[in-house]
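Below: the structure, in structure tokens.
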Amino acid sequence: MQPTYLYTSEFDKEMQWRSKFSIVIPIIIGFLQMILTFAIIGLEIASVVISPVTGTLYAGFWLSIIFTVSWVAMFTLVCCHRSRKCALYVFFISILCAAAAITLIVLDALFIGDIEKCFFANAICRDLESSYTRQSGIPLGRKVQVLKAQLAMAAALLATALLYMLLFILASMGSRSKKNRVVIENSQLPAQVTRQHDKRSPSPTWKAASVPVTYEPSQLECPHCGTSIRLAQKKR
């Protein structure tokens, strides 16, 4: 007898997901993103110390807010026991983190290409240049090296975000199997669930012990509903 697939268990789906989704890799990604975020902030501070006017938009500061949200979200997967909803939330955060990393890479490339240019509005550039005097004694070319290092950190952050997205996609594909369907045999179905193939009303049944073997069954058909009724008549 063929089994009947009555419904899909949400609990079994969640368990199937957790068996495919490893928590070790997101924790490692979270630690890497945390270290890279602190490195980007430190390099941005060094860049501003060298020159707060040219070759900067302070992007390392405001983009690091998104990077921080990303690695904090990675650690929350441990608190919520790597549930599918939390993993999906971190997936969207990783998309945002990847976009922020690409933005920082593009800006650093622009700054490296024209390190002596002020990228703010003209009025702000004039105010900054009038109020800033170079006292650090560090050559402006040193800032190019700092920005190159920051660009490398941003590229590494992009790689970690892409790695998590790949992990999520693979776990989603692996958990989409038919093994998580609840199987109920036809013999286990209640009478209300069992349906007749001929679309007739269920006929009443009697216990075999209540009908003696000396009886010969005969069959009548209801003229209104078409239900077949078995009768028992005693031999004479």
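The values are calculated or read from the model by the stated rules, or taken from the named source; none is laboratory data. Since this is a predicted model, take the numbers as computed values, not measurements. Here the Cβ positions follow ideal geometry from the backbone for every residue, glycine too, while neighbour counts run over all protein chains shown.
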Item to check | Near pairs, Cβ below 7 angstrom, 6+ apart or cross-chain, from segment 110-136 (within 12 Å of T56 (Cβ to Cβ) and assigned by TED's automatic domain parsing to the domain that holds Q150) to any residue that is modelled with pLDDT of 90 or more and of a type in the set (K, R) | outcome: I112/K148; I115/K143
Item to check | Residue among F38, F91, F11 that alone is at pLDDT 95 or above, closer than 22 Å to G174 by Cβ and not polar (S, T, N, Q) | outcome: F91
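Yes or no, residue by residue, for (1) under 30 Å from L110 (Cα atoms); (2) among the β-branched types (V, I, T); (3) not in a helix (DSSP H, G or I):
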{"residue": "F11", "(1), (2), (3)": "no, no, no"}
{"residue": "I28", "(1), (2), (3)": "no, yes, no"}
{"residue": "M34", "(1), (2), (3)": "yes, no, no"}
{"residue": "I40", "(1), (2), (3)": "yes, yes, no"}
{"residue": "S47", "(1), (2), (3)": "yes, no, no"}
{"residue": "W71", "(1), (2), (3)": "yes, no, no"}
{"residue": "L77", "(1), (2), (3)": "no, no, no"}
{"residue": "A87", "(1), (2), (3)": "no, no, no"}
Next on the checklist: Suppose we keep only residues that are of a type in the set (A, V, I, L, M, F, W, C) and buried (at least 22 other Cβ atoms within 10 Å of the Cβ) within segment 60-70. Which one would you say is nearest to L158 (Cα to Cα)?
Outcome noted: F67
